[in-house]
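A short reminder: the numbers here are calculations on the coordinates, not readings from a lab. What you are looking at is a predicted structure, and each value in this text was computed from that prediction instead of being measured. A quick note on method: Cβ atoms are made from the backbone with ideal geometry, for glycine too, and the neighbour counts reach across all protein chains shown.
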Amino acid sequence: MYITEPRKQVIDFSDPIYTYGDGLFVPKADTKEYKTLEDLKGLTVGAQVGTAYVEPLQKSGFFPEVKIYETLPDIIRDVNAGRLKAGFADYPIVAYNLQQGRFPDVRLVSGYKPMVVGSVGIGVRKSDQELLKKINASLAKIKADGTLKQILAKWGLQD
């Protein structure tokens, strides 16, 4: 017998530090600026097993095949080698992988509008409201003075 109760949130989150969604990556030779999934209609695309992107891609009806991969580097490798037309994965993780220079023939599509978007924040115990206020104040400061933007740019997450 299962008892279903509403889940009680045991932590609070800071203001968002970074918001991101899926990144679309294609061969560098493909210079088209894809904006939506529909722009990719008819292409074979790939995504990593267990991610939030697989189901929306499959249910979209735009793709003859959505190849499912075990790892992100496997998807990037197939795009790099021209065996796959496009791949989808968490934008910051793709950006980091591409920044390492191992996949020179792949690019992130900058104007693509993600299917799924979420934010990263810092979690604190509900009893630590003073700490949460200090964290939020510090985040506001580094956003205002450009420090956060510099950090994100260092890791390839912002232009």
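Report the gain in length on full extension from R83 to K134: 0.36 nm times residue separation, minus Cα-Cα distance, nm rounded to one decimal. Before the final figure, lay out the partial values.
Numbers: separation 51, 0.36 × 51 = 18.36 nm, distance 4.91 nm.
Residue separation times 0.36 nm, minus the Cα-Cα distance, leaves 13.5 nm.
Run the Debye formula on the Cα coordinates of the range 1-94, all scatterers equal and no solvent, and tell me log10 I(q)/I(0) at q = 0.18 1/Å. Log10 of I(q)/I(0), two decimals: -0.81.
Charges only on Cβ, +1 for Lys and Arg, -1 for Asp and Glu: so what's the dipole of the chain about the Cα centre, in debye to the nearest 20?
260
Residues whose amide H comes within less than 5 Å of that of Y18, counting only those at least five positions distant or on another chain, are V120 (H built at 1.01 Å from N in the peptide plane).
Check cross-link reach from K143 to the lysines: straight Cα distance under 18 Å, and skip same-chain residues fewer than eight apart. Output for K143: K133, K134, K154.
Out of P64, P92, P27, any idea which swings most in a Gaussian network model of the chain, alpha carbons joined below 10 Å? Highest fluctuation of the listed residues: P64. For K59, a cut-off of 26 angstrom between C-alpha atoms picks up these lysines, skipping any fewer than 8 places away in its own chain: K32, K35, K41, K67, K85, K113. Based on alpha carbons, the Rg and Dmax found for the range 93-147 are 17.1, 49 Å. Here the relative contact order of the chain, from alpha carbon pairs under 8 Å that lie six or more residues apart, stands at 36 percent.
When Rg and Dmax of the Cα atoms in Å is calculated directly from the model, which label among [x] 18.7, 56; [y] 19.8, 76; [z] 14.8, 46 fits? So the calculated entry is the one marked [x]. Would you look at the GNM of the chain, springs on alpha carbons closer than 10 Å, and say which of R107, R83, R125 moves the most? Result for the chain, Cα springs under 10 Å: R125 fluctuates most. Mean-square fluctuations from a GNM of the chain, with a 10 angstrom spring cutoff on Cα atoms, peak among L57, L108, L131 at L131.
Considering the options T71, N136, V109, tell which one lies farthest towards the positive end of the dipole of the chain, charges being +1 on Lys and Arg and -1 on Asp and Glu at the Cβ, about the Cα centre. Farthest along the dipole direction, towards plus: N136. In plain terms, the chain from L108 to K154 could stretch by 14.9 nm, reckoned as 0.36 nm per residue minus the Cα-Cα distance.
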